[in-house]
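> One structure, pasted below without further comment.
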Amino acid sequence: MDKNKVALPLGLAFKEAPAEFVDAGSEFAFSVALSWPEGVGREGAGYRVRDGEKIVRSGDLPKPTDDGSIALALTAPAQTGEQRWTLVVGNERAEGALPLRFATVPHATSLAVWDNPSPVVRGAGFKVKVGAKCSASCGLSGRTVEIRDEADKLMAAGALGDATWPGTTSLYWSELRLKAPRKLGLHSWTVRFAPAELALPHGGASSSFSFVTVAEPEHSVSVKVVDKKTKAPVANAQVRLGFYRAVTDERGAAKISVPKGEFPLVVTRAGYEAPERSVAVSKNIRVRIAAEALPEEDPFGAWTA
């Protein structure tokens with residue numbers, strides 16, 4: 001623009017404002033509505049984004065979208081904190097400015113724990129899968145995750161693998177080996193992820209999982225689930241004997257190893273109802289459960305004339 005000419009004011013307003021908080025180093029987008037002075041066109045128009053006197057980005061003004069606004073995408077600074085930028089749009093005849101205010105924040109990370117068995121025999125080894133994910137889908141392979149007990153004692157640590165969990169785009173995971181404590185009962189352990197040496201700032205994350213330690217199994221309980229009326233085996237029934245669980249096979253049979261004691265026996269299966277009972281175990285035993293088939297619901301039963 002000729003410095004001797006005075007530019008007419010160009011109206012700028014957000015059509016869609018930028019997010020208040022943006023992950024450091026990530027791309028963010030917004031759109032702006034323009035109000036050109038009467039008789040002034042957008043020919044030769046450009047834009048520039050300033051951070052103080054520093055030009056962050058500049059270029060030709062993008063073509064308007066269907067609603068007449070212009071859409072822009074910028075990359076946030078890698079440093080966290082409040083950002084005070086200015087968008088300037090104009091050409092030789094008109095110019096306008098619009099403040100850009102946002103804060104860059106560390107990338108949020110989250111943790112997931114799965115395939116954790118329960119119950120676990122006291123003193124026995126077991127494995128769990130742990131995954132970490134970044135809100136901006138950053139690569140987290142090679143980063144350390146650790147598991148600590150209730151007293152904050154380190155129980156296991158390992159590096160996240162190079163591959164992401166199937167069906168996800170950024171859940172990096174690892175399988176960690178643990179040893180169950182000797183103390184019987186419920187335990188709640190914590191998984192922690194402390195991002196270090198990443199190119200962009202990330203927040204840490206923690207998650208917890210629980211499991212029950214039990215005594216060494218001494219006896220077996222063989223459960224047979226049949227249809228009360230037809231005597232046919234009921235497959236895929238969930239069998240719970242206290243903390244212990246199993247699923248019946250095509251013969252309606254399930255076998256559970258337990259220590260000596262008395263346990264509530266609960267059998268569930270969609271479409272069936274089975275009585276709950278208590279089972280005293282002092283030797284290997286067999287239990288037969290007659291499950292009653294529930295009547296099928298009439299899909300038209302709730303209709304009224």
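> Pairs under 8 Å by beta carbon, first residue open to solvent by 40 Å² or more (accessible area, probe 1.4 Å) in the stretch 135-146, partner of a type in the set (Phe, Trp, Tyr) and at pLDDT 95 or above, six or more apart or different chains?
Hits for this filter: GLY139/TYR172; SER141/TYR172; ARG143/TYR172.
> Within the set of pairs 6+ apart or on separate chains, which have a first residue in the stretch 236-249 that is among the hydroxyl-bearing types (Ser, Thr, Tyr), a second that is open to solvent by less than 90 Å² (accessible area, probe 1.4 Å) and assigned to a strand (DSSP E or B), and C-beta atoms under 6 Å apart?
TYR244/ILE256; TYR244/VAL258; THR248/VAL225; THR248/ALA254
> A further question on this structure: Here's a check for you: in the stretch 214-240, which residue that is more than 30 Å from ARG122 (Cβ to Cβ) and in a loop (DSSP other than H, G, I, E, B) is nearest to the chain's Cα centre (by Cα)?
Per the stated criteria, the residue is ASN236.
> Taking the condition of being assigned to a strand (DSSP E or B), within 23 Å of GLY203 (Cα to Cα) and polar (S, T, N, Q), how many residues in the stretch 58-108 meet it?
Looking only at that region, the number is 3.
> Pick out the one residue from GLY90, GLY81, GLY46, GLY59 that is at pLDDT 90 or above and within 25 Å of ALA108 (Cβ to Cβ).
GLY81
> Mind listing just one residue for me: the one in the stretch 264-281 that is touching a Pro at 6+ places or on another chain (Cβ under 9 Å) and part of a strand (DSSP E or B) and, of those, most open to solvent (accessible area, probe 1.4 Å)?
Looking at the filtered set, the residue picked out is ARG277.
> Can I ask one more? What number of residues within the stretch 82-108 satisfy the criterion of being open to solvent by 30 Å² or more (accessible area, probe 1.4 Å) and either aromatic (Phe, Trp, Tyr) or under 34 Å from the mean Cα position of the chain (by Cα) (or both)?
Of the residues in that region, 6 qualify.
> Within the stretch 97-106, is even one residue within 26 Å of TRP189 (Cβ to Cβ), in contact (Cβ under 8 Å) with a residue 12 or more places away in the chain and out of contact with any helix residue (DSSP H, G or I) (no Cβ under 9 Å at 6 or more places or on another chain)?
yes
> Another one. Considering only the stretch 125-140, I want to know if a residue exists there that is under 30 Å from PRO259 (Cα atoms) and in a loop (DSSP other than H, G, I, E, B).
Checking the stretch 125-140: not a single residue is under 30 Å from PRO259 (Cα atoms) and in a loop (DSSP other than H, G, I, E, B).
> Could we say that PRO195 is surrounded by 14 or more Cβ atoms within 10 Å (Cβ to Cβ), in contact with a Pro (Cβ under 9 Å, 6 or more places away or on another chain) and part of a loop (DSSP other than H, G, I, E, B) here?
yes
> For PHE21, are the conditions met, namely being out of contact with any Leu (no Cβ under 9 Å at 6 or more places or on another chain) and aromatic (Phe, Trp, Tyr)?
Here the answer is yes, as PHE21 does meet what is asked.
> Limited to the stretch 14-52, what total is found for residues that are surrounded by 13 or more Cβ atoms within 10 Å (Cβ to Cβ), among the charged types (D, E, K, R) and assigned to a loop (DSSP other than H, G, I, E, B)?
Going through the stretch 14-52 one residue at a time, the tally reaches 1.
> Restricting to the stretch 153-187, count the residues that are open to solvent by 70 Å² or more (accessible area, probe 1.4 Å), more than 18 Å from SER110 (Cβ to Cβ) and either touching a residue at least 24 places away in the same chain (Cβ under 8 Å) or polar (S, T, N, Q) (or both).
Residues meeting the conditions: 7.
> Can you confirm whether the stretch 109-119 contains a residue that is within 18 Å of the chain's Cα centre (by Cα), loosely packed, with under 14 Cβ neighbours inside 10 Å and not polar (S, T, N, Q)?
yes
> Give me a count of the residues in the stretch 249-263 that are of a type in the set (Gly, Ala, Ser), closer than 21 Å to ASP227 by Cα and open to solvent by 40 Å² or more (accessible area, probe 1.4 Å).
The total comes to 0.
The values are calculated or read from the model by the stated rules, or taken from the named source; none is laboratory data. These figures come from a predicted structure and were not determined experimentally. Positions of Cβ are backbone-derived with ideal geometry, glycine not excepted, and every protein chain shown enters the neighbour counts. Calculation scope for accessible area: heavy atoms of the full protein, side chains included, ligands and nucleic acids excluded. Shrake-Rupley method; radii C 1.70, N 1.55, O 1.52, S 1.80 Å.
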